[in-house]
1. Through the Karplus equation 6.51 cos²θ - 1.76 cosθ + 1.60, θ set to phi - 60°, convert the phi angles of region 153-165 into ³J(HN,Hα) values in whole Hz; use x for Gly and Pro.
2. From the backbone phi of region 126-133, what are the Karplus-calculated ³J(HN,Hα) couplings (6.51 cos²θ - 1.76 cosθ + 1.60, θ = phi - 60°) in whole Hz, Gly and Pro given as x?
3. May I ask you to derive the FRET efficiency for D128 and M176 from their Cβ-Cβ distance with R0 = 25 Å, giving the value to the nearest 0.05?
4. For region 151-207, restrict the atom set to alpha-carbon positions and state the Rg and Dmax in Å.
5. Search the structure for amide H atoms under 5 Å from the amide H of V95, placed 1.01 Å from N in the peptide plane, and list their residues when 5 or more places away or on another chain.
6. Residues with amide H under 5 Å of N65's amide H, sequence separation 5 or more or different chain, H placed in the peptide plane at 1.01 Å from N; which?
7. Just need the Rg to Rh number for region 55-149, please, alpha carbons only, Kirkwood Rh.
8. Report the gain in length on full extension from A43 to A206: 0.36 nm times residue separation, minus Cα-Cα distance, nm rounded to one decimal.
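Every read-out reported here was derived from the displayed coordinates using simple, explicitly stated rules and does not represent laboratory data. These numbers were taken from a predicted model, which means no experiment stands behind them. Positions of Cβ are generated from backbone atoms using ideal geometry, with glycine treated the same way; all protein chains shown enter the neighbour counts.
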Amino acid sequence: MKKLLYLFLILAAGASLSCGNKPTNTKTANAEVKKGVAPVADAEIAVIEMENPVYGSIKLELYSNIAPKMVARFKELAKEGYYNGIAFHRINDFVIQAGDADTKPGRTKNPMKEGDSGKPNVQAEFSDILYDTGILGAARLGNDVNSQNSQFFITLKRSAGFDNQYTVFGKVIDGMGNVRTIAGVTPKEGERPLEPIRIKSVTIVAK
């Protein structure tokens, strides 16, 4: 019974990584999975600095050999300052998630697509890398596996229900304690913190 309950929680968490909008394309079949390729960290890392010093910083290695399109998008948005001021809008037992432009201060609701950066969606780049603690994954805008855009999530623990279902494009190499501090924030309305937990900047720097 406990195993069934755990499986249900994993599947429920997996379903929560989309934004809740109706997708523009309703493909739900799995994309091709890249198998047997070990992740190779890029020469550059991403550094997330939080507005509130209590939450510190998070350093992420990026895997262009596994998910070149999503890594390129993440770097592009970071260099453009897209993530500055964006909040972690979804926090549960499995992930912390950010990247929705509608969480920026003073932002009015995007009438087109929640979380959309204004750039074309990125196709799925699935691999057999397991969703263990600290994995950086790409969220999507709906059920379409090819609707990745700007949103990302970091796993708090082994989450088998995400395997082969969401693109892995990096991993936390420093600051996992800060990830857990963000994950423990209260109070929340559902999965959304009542007090915004905002990103100050995401920078791409040499190791």
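1. Using θ = phi - 60°, the values come out as 9, 10, 7, 8, 6, 4, 9, 4, x, 8, 4, 6, 10 Hz.
2. Per residue, the Karplus-derived 3J(HN,Hα) values read 6, 9, 8, 5, 6, 7, 9, 4 Hz.
3. On the way: r = 23 Å, r/R0 = 0.91.
The formula returns an efficiency of 0.65 here.
4. 13.5, 38
5. Result for V95 returns L156.
6. V40
7. Values: Rg = 13.5 Å, Rh = 14.5 Å.
Rg divided by Rh gives 0.93.
8. Numbers: separation 163, 0.36 × 163 = 58.68 nm, distance 0.61 nm.
That pair, A43 and A206, stretches by 58.1 nm at full extension.
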